[in-house]
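Everything below concerns the one structure shown next.
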Amino acid sequence: MKKVLYFGLFALFLTCSTTNSPTTKTETTLNKKTIIDLSHPFSESTIYWVTAEEFTLDTVFNGMSDKGYFYAANNFKAAEHGGTHLDAPIHFYKDGQTVDEIPLAHLVGTAIKIDVSSQALKNPDYLISTEDLKDWETKHQTSIPDNSIVLLQTGHSIYYPDKLKYLGTSQRGDAAVKDLHFPGLSPDAAQWLADHRHIKAIGIDTPSIDYGQSVYFKSHVILLSQQIPVFENLTNLNNLPNRGFEVIALPMKIEGGSGAPLRIIALVN
């Protein structure tokens, strides 16, 4: 079984590498599907929660070695929760799965996008409502599919990495928490999803699934207590259709982690 998986992944790598040379573009192709990168890069400008340790990259060596070959290596450190990342259920649920315990099947699959950017870009404190979710179903004449991954587009990623515009404040520390302003998913909508729709995971293009002024983080508690992983700080959702695409969301496999940096892509026909 391990050999089959290895050769399958190797074949996938060959398909990608022979079709396209390495590029910084957000889109490439794989087996006639467009690959869209939904992740922000990690750097000194990466946005973290105002009380979390930010990303730093330290050079170990960069140059020609004394044996005549070029060599580069770095050390990095950062909080689990920052940039494009995953919230594991244990983040807000005592008995929840840690990052390494989340089944891969919950991180890969068909997906839909619910676009509320026309409302959210007018209101930094916008709460995505149950009606917004039902409106998507009415428009597409279908329920949110079982075992799907739901991505919420507020349009807020256009402000990244400007901390003042994206977070609502450029200050850091506990005192800055009260000044956070960005859209999120309302607790009522989170509860409706948990009670009435069987989804694998959910993501959003803001710093948190709860809006900036949240105090009790109820949407986190509701979703994570149902073992529904959350993806935060997504980007390029404007390049996705409203349905009919796939998502692959693979976090750093941190044993016992409450969250992890995430490389997430969409495959679009």
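May I ask you to give the solvent-accessible area per residue for the chain, in square angstrom, as obtained with a 1.4 angstrom probe?
53
Provide, in order from the shortest bin, the percent of all Cα-Cα pairs of the chain in each 5 Å bin, continuing until the bin that contains the maximum pair distance.
1, 6, 12, 16, 18, 17, 13, 8, 5, 2, 1, 1, 0, 0
Within segment 90-192, what is the number of lysine pairs with alpha carbons under 19 Å apart, leaving out pairs fewer than eight places apart on the same chain?
Close lysine pairs found across segment 90-192: 6.
Considering the Cα trace of segment 39-176, what is its radius of gyration and what is Dmax, both in angstroms?
Gyration radius and largest Cα-Cα distance of segment 39-176: 19.9, 66 Å.
Treat segment 107-250 as a sphere of radius equal to its Kirkwood radius over Cα pairs and apply Stokes-Einstein at 25 °C in a medium of 0.890 mPa s; give the translational diffusion coefficient in µm²/s, rounded to a whole number.
161
Report the calculated FRET efficiency for Asp162 and Gln97 (r = Cβ-Cβ distance, R0 = 41 Å), to the nearest 0.05.
It comes out at approximately 0.75.
What order do Arg263, Arg172, Arg197, Arg243 take when sorted by accessible area (1.4 Å probe), most exposed first? Working shown, then result.
On the way: Arg263 145, Arg172 85, Arg197 50, Arg243 115 Å².
Descending order: Arg263, Arg243, Arg172, Arg197.
Would you kindly state how much longer the chain becomes between Ser170 and His196 on full extension, computed as 0.36 nm times their sequence separation minus their alpha carbon distance, in nm to one decimal?
Contour length minus Cα-Cα distance gives 5.5 nm.
Given the whole protein assembly as supplied and a 1.4 Å probe, what does the accessible area of Ser157 come to in Å², nearest 10?
Using a 1.4 Å probe on the heavy atoms, I get roughly 20 Å².
At a Förster distance of 41 Å, what's the computed FRET efficiency of Gln119 paired with Leu57, Cβ-Cβ distance as r, to 0.05?
0.65
Pop out the ³J(HN,Hα) list for segment 263-269 in order, Karplus 6.51 cos²θ - 1.76 cosθ + 1.60 with θ = phi - 60°, rounded to Hz; leave Gly and Pro as x.
Each residue of segment 263-269 in turn: 9, 10, 10, 10, 10, 10, 4 Hz.
Testing the spin-label approximation: label points 7 Å from Cα along Cα→Cβ at Arg263 and Ser129. State their distance in nm.
Calculated label separation equals 4.1 nm.
How far apart, in nm, are the 7 Å Cα→Cβ label points at Thr29 and Ala105?
For the pair Thr29/Ala105, the computed spacing is 3.3 nm.
Quick one: which residues, 5+ away or cross-chain, put their amide H under 5 Å from the amide H of Ile47? H built at 1.01 Å from N.
Amide H neighbours of Ile47, under 5 Å, 5+ apart: Gly83.
Could you quote the convex hull projected area for segment 156-237, Cα atoms only and averaged over all directions, in nm²?
Its average projected convex-hull area is 5.5 nm².
Could you compute how fast segment 221-269 diffuses translationally, taking Rh as the Kirkwood radius over C-alpha pairs and applying Stokes-Einstein at 20 °C with viscosity 1.002 mPa s? Give it in µm² per second.
This corresponds to a translational diffusion coefficient of 169 µm²/s.
Out of the total accessible area of the chain (probe 1.4 Å, heavy atoms of protein only), what percent is carbon and sulfur?
Numbers: 7740 of 14200 Å².
Its accessible area is 55 percent carbon and sulfur atoms.
The values are calculated or read from the model by the stated rules, or taken from the named source; none is laboratory data. Computed from a prediction, not measured in an experiment: that's the story for all the values here. As a convention, Cβ positions derive from the backbone with ideal geometry for all residues, glycine included, and neighbour counts pool all protein chains shown. Areas reflect the complete protein model, heavy atoms only, side chains present, ligands, DNA and RNA absent. Shrake-Rupley method; radii C 1.70, N 1.55, O 1.52, S 1.80 Å.
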